[in-house]
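Just below is one structure, and these are the notes that go with it.
Derivation of every value follows stated rules applied to the coordinates shown; laboratory data play no part. Since we're looking at a predicted model, the values are computed, not measured. With ideal geometry, Cβ positions are generated from the backbone for all residues, glycine too; neighbour counts draw on all protein chains shown.
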Amino acid sequence: MHRLFSRKSPQQIMSDTDGGSHQLKRVLGPVNLVSLGIGVVIGAGIFVLTGQAAASYAGPAIVLSFIISAIGCALAGLCYAEFASMIPLSGSAYTYAYATLGELFAWIIGWELVLEYLLGASTVAVGWSGYVVGFLKDLGITIPAAIAHAPLAYSVGHGWHATGALFNGPAIFIVGLMSTLLVIGIHESAKFNSIIVFIKLTVIFLFVVFGIFYVKYVNWVPFIPPNTGHWGYFGWSGILRGSSVIFFAYIGFDAVSTAAQEAKNPKRDMPIGILGSLAICSILFILVAGIMTGIAKYSTLTGDAPLADAVTAAGPGLSWLRPFINIGIIGGLSSVILVLLMGQPRIFFSMARDGLLPMSFARVHPKFKTPYITTILTGIVASVMAGLFPISILGLMVNIGTLFAFLIVCISILFLRYHHPELKPAFRTPWVPFVPILGAVVIVMQMLALPGDTWIRFLVWNIIGLAVYFGYSRHHSRLRTAEQGIVAGRRSDA
């Protein structure tokens with residue numbers, strides 16, 4: 001049993017990093033890393049879910065929901081930053097758990113990160129498809145519904161049913177395009193992401209600067225709408241439920257840590273990338289949410305494009321901004337897909353390096369120096385998911401898996417300080433144990449605010465993951481093989 005919780009020391013993890021054919025190319029600086037973080041964080045959450053969460057759960061107090069989520073992410077981000085500066089490898093929370101809680105927890109976290117990155121990319125790709133189809137329709141170009149929507153749908157009353165469509169072609173296209181770009185090279189991908197980040201930051205800047213003049217204070221009254229009598233629907237419980245829903249807006253800042261093995265100076269630059277992108281995005285989210293609910297009554301923000309709806313509600317004086325909003329959304333979602341598809345192969349890369357997945361998952365392209373096999377595999381699976389399933393199904397599991405990963409990172413800092421007090425990372429989480437404990441409490445509160453059926457699906461997902469671990473991974477673990485060799489050697493000597 002104790003072997004299930006065998007740990008690899010930070011020094012051992014670093015020494016086990018293969019060179020040669022398994023070495024990633026270090027080309028990213030602090031600006032690239034901050035840009036990657038902004039690229040994945042500013043996307044579907046702020047462009048889609050903000051309005052829906054305000055209309056259904058929190059009202060104008062959605063601003064407070066963003067602050068609660070920002071606090072939880074900031075506390076977890078401080079823990080991420082210490083790990084990333086000390087273990088600058090591509091495994092993110094998976095690698096950190098391996099160094100503190102042991103192999104079984106590391107596997108579980110790696111399994112949860114599939115929900116965040118792979119299913120997250122599929123979810124955003126479906127959203128991207130909807131915006132592109134609508135944008136092209138405004139230009140007089142119509143994509144047939146048969147190749148622009150998922151063939152399967154699910155409703156509470158009727159269960160699964162066919163929609164009559166064949167596949168979601170635009171969603172498949174964007175996943176394929178981003179995957180190809182990632183195979184060609186991380187440097188090229190980072191350049192593309194930086195361009196997109198500039199575009200959507202410009203759009204958000206325009207919305208904030210010009211939108212503030214159209215704010216009607218009456219739309220903020222009451223700031224916290226009274227509870228409807230049901231938990232989670234307005235009032236303070238609605239604010240907490242809203243923070244759990246719009247948590248999707250913050251998903252991805254941890255993807256910066258998956259690029260640690262491609263950073264030029266990871267011990268210095270990783271904390272900058274993680275905390276810098278999180279700080280910038282949090283400020284922008286709070287500003288956008290406040291102005292959006294000030295321009296339009298929160299109850300009207302039920303559509304898929306709340307920023308564009310708010311611009312329309314402002315009247316002719318701001319209508320010129322609507323096409324720029326749409327372009328920003330399409331570009332913004334593109335960069336989110338790019339960074340999520342970048343993160344998943346690097347998790348697989350680290351797990352394969354440890355023997356928990358086949359070694360082919362750790363193979364690096366001889367020319368491009370990217371994990372091309374796992375990038376292609378991730379792209380294929382994400383394309384299939386995005387092409388066949390609706391966004392409501394794909395997005396069900398993303399939040400709870402990511403929150404659980406953040407929870408483990410906060411707990412891991414406590415174990416790290418206890419088991420390795422001699423380590424002096426370039427960045428240290430302040431006020432330990434207060435910061436990681438408070439971070440864990442905030443994250444657990446958000447997890448408990450999620451619907452019950454989400455927890456059931458989460459349990460089923462983890463049962464499948466444990467079956468894979470006990471059926472394959474534990475038998476091929478490099479750490480386990482090394483320990484068995486040491487024991488066998490001792491017996492031979494005896």
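Which one of W455, V203, Y96 has its Cα pushed farthest toward the positive end of the charge dipole of the chain, where Lys and Arg give +1 and Asp and Glu give -1 at the Cβ? Toward the positive end, the furthest listed residue is Y96. Both radii come from the Cα set of the chain: Rg as radius of gyration, Rh as Kirkwood radius; their ratio Rg/Rh reads 0.98.
Placing unit charges on each Cβ (+1 for Lys and Arg, -1 for Asp and Glu) gives the range 205-286 a dipole about its Cα centre, and among F213, I251, G232 the Cα reaching farthest toward its positive end belongs to F213. The residues W128, W220, W160, when put in order of fewest to most other Cβ atoms within 10 Å, stand as W160, W220, W128.
Here the Karplus relation 6.51 cos²θ - 1.76 cosθ + 1.60, evaluated at θ = phi - 60°, turns the backbone of the range 140-153 into coupling constants of x, 10, 10, 8, x, 4, 5, 10, 10, 9, 6, x, 10, 9 Hz, with x for every Gly and Pro.
Between amide H atoms placed 1.01 Å from N, distances below 5 Å from A148 occur with L166, F167, G169, all of them 5 or more places distant or on a separate chain.
Size descriptors for the range 213-319 (Cα atoms only): Rg and Dmax, in that order, 18.0, 54 Å.
Database remark: amide H of N227 closer than 5 angstrom to the amide H of G235 (H placed geometrically; neighbours at sequence offset of 5 or more, or on other chains; Pro and chain starts carry no H). Using only the Cα atoms of the range 309-420, build the gyration tensor, take square roots of its eigenvalues as a ≥ b ≥ c, and label the shape rounded, prolate or oblate: rounded if a/c is under 1.5, else prolate if a/b is larger than b/c, else oblate. Note, shape of the range 309-420 comes out prolate. Placing +1 on the Cβ of every Lys and Arg and -1 on the Cβ of every Asp and Glu, with nothing else charged, gives the range 2-486 a dipole about its Cα centre of roughly 660 debye. Equivalent-ellipsoid semi-axes for the range 29-148 (Cα gyration tensor, √(5λ), whole Å, largest first): 33, 20, 15. Placing unit charges on each Cβ (+1 for Lys and Arg, -1 for Asp and Glu) gives the range 327-482 a dipole about its Cα centre, and among A440, F470, F427 the Cα reaching farthest toward its positive end belongs to F427.
In order along the range 330-346, the phi-based Karplus estimate (6.51 cos²θ - 1.76 cosθ + 1.60, θ = phi - 60°) of 3J(HN,Hα) comes to 4, x, x, 5, 4, 5, 5, 4, 4, 6, 5, 5, 6, x, 4, x, 6 Hz; Gly and Pro are listed as x. The helix-only estimate of mean residue ellipticity at 222 nm for the chain, built from DSSP H runs of length n ≥ 4 each weighted as -39500 (n - 2.57), is -20000 deg cm²/dmol after division by the residue total.
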